[in-house]
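The values are calculated or read from the model by the stated rules, or taken from the named source; none is laboratory data. Values in this document were obtained by computation on a predicted structure and should not be read as measured data. Positions of Cβ are generated from backbone atoms using ideal geometry, with glycine treated the same way; all protein chains shown enter the neighbour counts.
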Amino acid sequence: MAEQLARLPDGTEICHETFGDPGDPAMLLVMGLGCPMGWWSVEFCELLVQRGFFVIRFDNRDTGRSTRFRGERVSRRQLVRAFLRRPVAVPYSMSALADDAFGLLDDLDLERAHVAGISMGGMIAQTMAIARPARIASMTSIMSTTGARRVGWQHPKLFPSLLAPAGNARESYVRRSLRSATLMRSPGYDLDTDYVIARAEETFDRGWSSSGVVRQMLAVLTQPDRTRDLQHLTMPVCVIHGLNDPMVHRSGGQATAAGIPGAQLVTIPGMGHDMPRALYVTIIDAITRTARRANVSH
């Protein structure tokens, strides 16, 4: 299906695309920091359709063609204060990002859905499961963490790249994307540079916003520690994490799984902070197993 806009009650517009039969169980895919829905590749979505899901991918607010919060500027000082756990005003929170996802489900007349999220998307998925558990049939949290600072930390080698300006030109954005992909790549798998470049070009052309990424980053830095709340989840949960993840240390995934009763932890040697095509089937197998554990016809 072509891209569509869901207009939420607060006026926020969420751009989304669906695959498969709306009569099948819904699978909501939630992407990470600064990444539009296209980072869930069409191939990945179609493989999920073949497993019997109605698949929804979408642009988080401040990403792609969803609403930009341009009037809410974030300074470097705010980021530093947030990193140091000092009080700071935020344009929006992780809960607001979760509410956007629920609003999209409402617009699609979906009362319940399986949810899978990557990185920040995993944080959003966890927040959704805690806030409205009855609406989450199952959850798969991929290369993410609990919000606790003692786990899921970044490797210091990433800091120069994370703090470097991306520039506003297409060429500079593509170069930075390729550099970041190289730093975060899965060392056990080949990096498809042609794919990374094409994805970066599409991301920029659909509407990339450096200020939007910073606003999302502030939401990540100010998110609460969900450890206590996670222990009350009862839906089937799978946590997937690469053993070579430099962006979110594997301790983040381990803590997530340890905090949720009955959660399955899938660790993948050679996987970094990306999703190589060679791992699609492994990840989709885990998502499908988790969904089939839910008390939902499938």
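Within the stretch 107-115, identify whether any single residue is free of Cβ contacts under 8 Å to residues at least 24 places away in the same chain, closer than 22 Å to T67 by Cβ and over 17 Å from the mean Cα position of the chain (by Cα), and answer yes or no. Outline the logic, then answer.
We begin by selecting, within the stretch 107-115, every residue free of Cβ contacts under 8 Å to residues at least 24 places away in the same chain; these are 109.
Add one more test, that the residue is closer than 22 Å to T67 by Cβ, and what stays is 109.
Pick out the ones that are also over 17 Å from the mean Cα position of the chain (by Cα) and you get 109.
Yes, that holds for at least one residue.
Looking only at residues of the stretch 151-172 that are modelled with pLDDT of 90 or more, touching a Ser or Thr at 6+ places or on another chain (Cβ under 8 Å) and not aliphatic (A, V, I, L, M), we find that the one that is surrounded by the most Cβ atoms within 10 Å (Cβ to Cβ) is G152.
Contact map, the stretch 76-90: first residue modelled with pLDDT of 90 or more, second residue crowded, with 16+ Cβ neighbours inside 10 Å and outside any helix (DSSP H, G or I), Cβ cut-off under 7 Å, separation 6 or more or different chains; pairs are Q78/V88; R81/V88; A82/V88; A82/T222; V88/T222; V90/T222.
Which of the helices (runs of 4 or more DSSP H) found entirely inside the stretch 193-235 contain at least 1 residues meeting this: out of contact with any helix residue (DSSP H, G or I) (no Cβ under 9 Å at 6 or more places or on another chain) and touching a residue at least 40 places away in the same chain (Cβ under 8 Å)?
193-207, 210-221
If the condition is being touching a Gly at 6+ places or on another chain (Cβ under 8 Å) and buried (at least 22 other Cβ atoms within 10 Å of the Cβ), then the stretch 227-246 contributes L230, P236, V237, V239, I240, H241, G242, D245.
Just so you know, in the stretch 63-111 the residues that are crowded, with 16+ Cβ neighbours inside 10 Å and of a type in the set (K, R) include one that is nearest to P236 (Cα to Cα), and it is R65. Among the residues making up the stretch 212-228, a single one is over 18 Å from the mean Cα position of the chain (by Cα) and farther than 13 Å from M123 by Cα: R228. Checking each residue in the stretch 238-273 for being closer than 19 Å to T146 by Cα, assigned to a loop (DSSP other than H, G, I, E, B) and of a type outside the set (G, A, S) picks out L243, N244, D245, P246, M247, V248, H249, I260, P261, H273.
Here's the yes/no breakdown for (1) of a type outside the set (K, R); (2) closer than 20 Å to S95 by Cβ; (3) within 15 Å of the chain's Cα centre (by Cα):
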| position | (1), (2), (3) |
| --- | --- |
| V30 | yes, yes, yes |
| G34 | yes, yes, yes |
| W39 | yes, no, yes |
| F44 | yes, no, yes |
| L48 | yes, no, no |
| D59 | yes, yes, yes |
| T67 | yes, yes, no |
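Filtering the stretch 11-40 to residues that are closer than 29 Å to M217 by Cα, in contact (Cβ under 8 Å) with a residue 60 or more places away in the chain and not hydrophobic (A, V, I, L, M, F, W, C) leaves T12, H16, T18, G32, G34, P36, G38.
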